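For reference, the structure is listed below as structure tokens.
Only the coordinates and a few stated rules stand behind these numbers; no lab work does. Fair warning: this is a prediction, and the values are worked out from it, not measured in the lab. Here the Cβ is made from the backbone with ideal geometry for all residues, glycine too, and neighbour counts use every protein chain on show.
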Amino acid sequence: MPQSVTIGSQGEDVRRLQEAMVAQGYYVGAVDGVFGNKTGAAVAYYQSVCGLEIDGVAGPHVYDYLGIADTNDSVHIELPATDVINGPGHYTVHVMGNVTKQGARVVAWFRGANGDHNSEPVTINLVPNQHVQADLPIPQDVVQATGEYHVVVYCFDGANSIGEQTGMVHVHHDAGAAGGAAPHG
């Protein structure tokens, strides 16, 4: 894993950080391997967007979220911004990592008052530092129920879990809904 870097740091780890932040649209300064005020401000902004502690230090969490951590071929999973399921459809997640993986499997588990239910797994091909969309079919038992569900999304390489993310969804039935998801308000 790259070393933690902060204002005043220089070198290849800073360059990798700057390149990843440019690629994702969070940094517009020079990619020169020098961690100055612009890089610090970009890191702090990125931390705020990701819900991380805002300290302006690029450490393990920042590297993981940017997909440039070198540990365990891990991936980062982003859950949908919407948290309401109105009808049948898919639970769409985005997977990103610093690895190339052909045939990685993504699956979601929904835990609610009516028990545990898992989606059918979806196979994706991971490309370094690119978001890959996985449309997970929502289990019928989840669609037909009403209530809160704790959801855990996993990404597997063979039998090994290489990433997971947790969240909450609310299922309700709206006579006018055509399916899909809507913001929870």
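Taking θ as phi - 60° and the Karplus parameters 6.51, -1.76 and 1.60, the scalar couplings of the stretch 95-105 work out to 10, 9, x, 9, 10, 9, 9, 8, x, 5, 10 Hz in sequence order, x denoting glycine and proline.
Based on every Cα atom in the stretch 12-66, Rg and the maximum pairwise Cα distance Dmax equal 9.7, 27 Å.
How much length is gained if the chain between residue 172 and residue 7 is pulled fully straight, taking 0.36 nm per residue apart and subtracting their Cα-Cα distance, in nm to one decimal?
My answer for the length gained is 54.6 nm.
In this structure, residue 116 and residue 41 have a Cβ-Cβ separation that, at R0 = 41 Å, corresponds to a calculated FRET efficiency of about 0.40.
What's the local net charge at residue 6, with K and R +1, D and E -1, over the other residues with C-beta under 14 Å away? Combined, the nearby Lys, Arg, Asp and Glu give -2. 3J(HN,Hα) along the stretch 165-171, derived from phi through the Karplus expression 6.51 cos²θ - 1.76 cosθ + 1.60 where θ = phi - 60°, amounts to 8, 10, x, 10, 9, 10, 9 Hz, with x in place of Gly and Pro.
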